[in-house]
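The values are calculated or read from the model by the stated rules, or taken from the named source; none is laboratory data. Source: prediction; values computed, not measured. Here Cβ is always computed from backbone atoms with ideal geometry, including for glycine, and neighbour counts include all displayed protein chains.
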Amino acid sequence: MSGVPTRDYRVLSTDLTNLFLNLIRHKAPVMEWTFKDWLTVSFTLFAVIDVVGSIPLLISLKTKLGGISEARATLISGLLMIIFLVVGENLLNIMGVDVKSFAVAGSIVIFILGLELVLGLEFFKPDANVESGTLVPIAFPLIAGSGTLTTIISLKANYTALVIFSGILVNLLIVYIVLRSLNIIARILGPGGLLAVRKFFGVILVAIAVKIFAANIGALFPG
């Protein structure tokens, strides 16, 4: 690829090799880990992914798309998380994108999704192919969004790849269970309950998007 430093490719290849060697051997690359570390990582990812808080939006998208491929959404979002665990910032550097720009782009998509819920508008048009809707916006940025992916990169500074990997697997299981249970949840809440919850979490999504945008936009325009 033109203009891409050879060093980035060497670093990326080394990261990939070291991660899978450590996962296979079940050894920590730098430090030992405990059950408390695993709980911390798992709960951190659970809070950032916030699949429970996204239930109203997921129900709305499922109705609009005519269905969701739960397994596909889980696998694609999991693959994105694992790729970022393995290569992280090096992958973004190779594509000429920094973490801040990635976060800002993701926040814009989340902001639009929030507006859909609050105002009842339709920005993401229904697609005849359920699989495409499963990829965007469900797998990304709703499940494996910029916040989740940048959090994974940050966690690598304090926890081993094996701990983060196991935390990702636990959260993917939770995501799959929630996606499979959307019809049951919709029946429990009823039309009125869904409308109220949808408006509330729409505002929450907008607020989260604004927070992510504000935290990262300054770095793109220094001075």
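The residue that is modelled with the highest pLDDT, counting only those in the stretch 53-66 that are in a helix (DSSP H, G or I) and within 16 Å of the chain's Cα centre (by Cα), is 58. Within the stretch 136-182, the residues that satisfy the criterion of being in a helix (DSSP H, G or I), over 15 Å from residue 69 (Cα atoms), of a type outside the set (Val, Ile, Thr) and over 9 Å from the mean Cα position of the chain (by Cα) are 154, 155, 161, 162, 165, 166, 167, 169, 171.
Would you confirm, using the coordinates I've provided, whether residue 109 is closer than 30 Å to residue 192 by Cβ and not in a helix (DSSP H, G or I)? In short, no.
Among the residues of the stretch 75-103, those identified as in a loop (DSSP other than H, G, I, E, B) and either on the phi > 0 side of the Ramachandran plot or small (Gly, Ala, Ser) (or both) are 88, 96. For the subset of the stretch 54-113 comprising residues that are polar (S, T, N, Q) and more than 23 Å from residue 175 (Cα to Cα), which member is surrounded by the fewest Cβ atoms within 10 Å (Cβ to Cβ)? Here the answer is 101.
Remark: pairs (first residue in the stretch 206-223, surrounded by fewer than 12 Cβ atoms within 10 Å (Cβ to Cβ); second residue not in a helix (DSSP H, G or I); Cβ separation under 7 Å; 6+ apart in sequence or on different chains) are absent.
Comparison of 133, 193, 167, 145 shows that the only residue that is crowded, with 18+ Cβ neighbours inside 10 Å, modelled with pLDDT of 80 or more, over 19 Å from residue 40 (Cα atoms) and of a type outside the set (A, V, I, L, M) is 145. Tallying residues that are under 17 Å from residue 209 (Cα atoms) and of a type in the set (D, E, K, R) within the stretch 32-57 yields 1. Any chance the stretch 67-88 includes a residue that's among the charged types (D, E, K, R) and at pLDDT below 80? Checked against the condition, which is being among the charged types (D, E, K, R) and at pLDDT below 80, the stretch 67-88 yields no hits at all.
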